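The values are calculated or read from the model by the stated rules, or taken from the named source; none is laboratory data. None of the values given here were measured: they were computed from a predicted structure. Quick reminder, even Gly has a Cβ in these numbers, built from the backbone with ideal geometry, and neighbours come from all protein chains shown.
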Amino acid sequence: MKISLTRRTVIPALVVLALLAAFALYLFQPWRAFTTTTVNESLPSAKPAASAPAAKMGTGDKELARGRFVSHEHDTSGTARTLGLADGSRVLRLEDLKTSEGPDVRVYLSTRSAAEVGKGLGDGAVELGKLKGNEGNQNYAVAPGTDLSRFHSAVVWCKRFSVAFGAADLAAMAR
């Protein structure tokens, strides 16, 4: 009888432990600490010149703001640029980005400075999409009608844990 009592206790306990381990793996996704996703999108242009290399902006396109990433919860480096394209669309471009992968990492524009986003994104932050890769060059469309003058930083943000991986102050370019 003692053996069957132990089985009735041990088997449910093992099932509960396996479920907790599976949930922890889903939540933290620790394998991402050992993976890298590199994205190298071309510089966007509303009307690219036929002979222009991908690294140059098209005629009528302009850089609106720029900033260097600073690290928060994870080492993050690279440059964030907001670009106004000749067709009136706008893009946030992350260049030479290097950060960690995570379970639910997104790109935001924040009304807070790069230093302040450690306390949260702030009211009125705009999500531009899931981070396409933790390394490289990537573009994120900014919705029409978005007032870029309200936003002070670009942020790589882990939505699941509400933490900034890194952020870049967006300083307006001289006109």
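Among the residues of segment 2-24, which ones are of a type in the set (Ser, Thr, Tyr) and either surrounded by 10 or more Cβ atoms within 10 Å (Cβ to Cβ) or modelled with pLDDT of 65 or more (or both)? Full working, then the answer.
From segment 2-24, those of a type in the set (Ser, Thr, Tyr) are 4, 6, 9; that's our starting set.
Scanning segment 2-24 gives THR6, THR9.
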| Given the conditions (1) touching a residue at least 24 places away in the same chain (Cβ under 8 Å); (2) within 30 Å of GLY60 (Cβ to Cβ), and given that GLY129 satisfies all but one, which numbered condition is not satisfied? | (1)
| query | Can we say PHE161 is under 28 Å from THR35 (Cα atoms) and in a strand (DSSP E or B)? | reply | no
| query | Does segment 100-115 contain any residue that is acidic (Asp, Glu), in contact (Cβ under 8 Å) with a residue 40 or more places away in the chain and either in a strand (DSSP E or B) or under 11 Å from ALA65 (Cβ atoms) (or both)? | reply | no
| task | From LEU64, LEU92, LEU97, grab the single residue that is in contact (Cβ under 8 Å) with a residue 60 or more places away in the chain and within 17 Å of GLY129 (Cβ to Cβ). | result | LEU92
| note | The condition of being modelled with pLDDT under 95 and not β-branched (Val, Ile, Thr) holds, among GLU116, GLU127, GLU101, only for GLU101
| Selection status of THR79, in contact with a strand residue (DSSP E or B) (Cβ under 6 Å, 6 or more places away or on another chain), surrounded by fewer than 19 Cβ atoms within 10 Å (Cβ to Cβ) and touching a residue at least 24 places away in the same chain (Cβ under 8 Å) | yes
| How many residues does segment 93-139 hold that are over 25 Å from LEU43 (Cα atoms), surrounded by fewer than 22 Cβ atoms within 10 Å (Cβ to Cβ) and hydrophobic (A, V, I, L, M, F, W, C)? | 1
| query | Looking at GLY118, is it in a strand (DSSP E or B) and within 16 Å of PHE165 (Cα to Cα)? | reply | no
